[in-house]
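Taken together, the values in this text are just the output of simple stated rules run on the coordinates, not laboratory data. In this text the structure is predicted, and so the values were computed from the model without any measurement. Here the Cβ positions follow ideal geometry from the backbone for every residue, glycine too, while neighbour counts run over all protein chains shown.
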Amino acid sequence: MDDKTHWETIYRTKASDQLSWTQTVPKTSLDFIEAFQLSRSARIIDIGGGDSHLVDFLLEEGFRDITVLDISEEALKRVRFRLGDKASSIRWLVSDITNFQPDVDYDLWHDRATFHFLTERSQVNRYLSVARATVHTDGYAVIGTFSENGPEKCSGLPIHQYTEQELTQELNIGFQKLKCITEDHLTPFNTLQNFLFCSFRRA
Ligand SMILES: C[S@@+](CC[C@H](N)C(=O)[O-])C[C@H]1O[C@@H](n2cnc3c(N)ncnc32)[C@H](O)[C@@H]1O
């Protein structure tokens, strides 16, 4: 099964509380974003946003220029349905991030638990090159992956666990590390997943 089919099947067949990555409040992401003190007109893109509530909170905080990108159309349909009328103010992009060609640049790139699915060197290189092309100089990136103490798989797929050093090294060309933290995510099934989150400034 290819990646797109995998993710479409996941979002067609599983409810949010059956997905290990589901969070009611994406607090760590919101805290990182708040620290950047972005203007409310900042252009924000959530990579592999899935059916995350991040977009709901960003709208509530007054951000007006939000894009959610995901390989799964089903995932984005789910969020559009949840948001109702508010969905029309969001840009929805169905794309594999490794093939994404931005037509505008962004102030903030956010990715929780998507980058770590890229296990081939060529995919990682494509992702990094897309990120450099998408975020303008002095813009920001926040990337959350499983840490070296996290799970080895997610959604039945192998992932790449990152240490702070490794993630920083990957972003080294074009991004300067600002801050990294690890945190335990409590899944809807009451298990823990250790994440690494790092923020970067586009150099
Ligand atoms: C573990 S989920 C995380 C979802 C969301 N970021 C969150 O924190 O709730 C990973 C998401 O990445 C998406 N995804 C996986 N591979 C992708 C790719 N190559 N390009 C774009 N999206 C991808 C999946 O469809 C899924 O929604």
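As a summary of the residue check, residue 52 satisfies the conditions (1) more than 8 Å from the ligand (Cβ to nearest atom); (2) closer than 23 Å to residue 116 by Cβ; (3) not in a strand (DSSP E or B) except for the one numbered (1). Of all the residues in the stretch 125-138, those that are under 27 Å from residue 184 (Cα atoms) and more than 11 Å from the ligand (Cβ to nearest atom) number 2. One residue stands out among those in the stretch 1-20 that are within 16 Å of residue 76 (Cβ to Cβ) and of a type in the set (D, E, K, R): the one that is nearest to the ligand (Cβ to nearest atom), which is 3.
Annotation note: Cβ proximity below 6 Å between a residue of the stretch 16-43 that is more than 17 Å from residue 59 (Cα to Cα) and a residue that is away from the ligand (no atom under 11 Å from the Cβ) and part of a helix (DSSP H, G or I) (sequence gap 6+ or interchain) occurs for no pair. Hey, can you tell me all the residues within the stretch 81-113 that are basic (Lys, Arg) and buried (at least 16 other Cβ atoms within 10 Å of the Cβ)? Listed by number, the list holds a single entry, 112. Taking the stretch 135-203 and the strands (runs of 3 or more DSSP E) fully enclosed by it, the elements with 3 or more residues that are touching a His at 6+ places or on another chain (Cβ under 8 Å) and in contact (Cβ under 8 Å) with a residue 40 or more places away in the chain are at 135-146, 192-202. The set of residues from the stretch 21-49 being more than 13 Å from the ligand (Cβ to nearest atom), assigned to a loop (DSSP other than H, G, I, E, B) and of a type in the set (A, V, I, L, M) comprises 38, 42. Tallying residues that are of a type in the set (Lys, Arg) and either buried (at least 16 other Cβ atoms within 10 Å of the Cβ) or under 14 Å from the mean Cα position of the chain (by Cα) (or both) within the stretch 53-79 yields 2.
Quick check, is residue 141 hydrophobic (A, V, I, L, M, F, W, C) and closer than 15 Å to residue 49 by Cα?
Here the answer is yes, as residue 141 does meet what is asked.
Residue pairs whose Cβ atoms lie under 8 Å apart, sitting 6 or more positions apart in sequence or on different chains, and linking a residue in the stretch 121-133 that is over 10 Å from residue 174 (Cα atoms) to a partner that is away from the ligand (no atom under 12 Å from the Cβ) and assigned to a helix (DSSP H, G or I), are 124/170.
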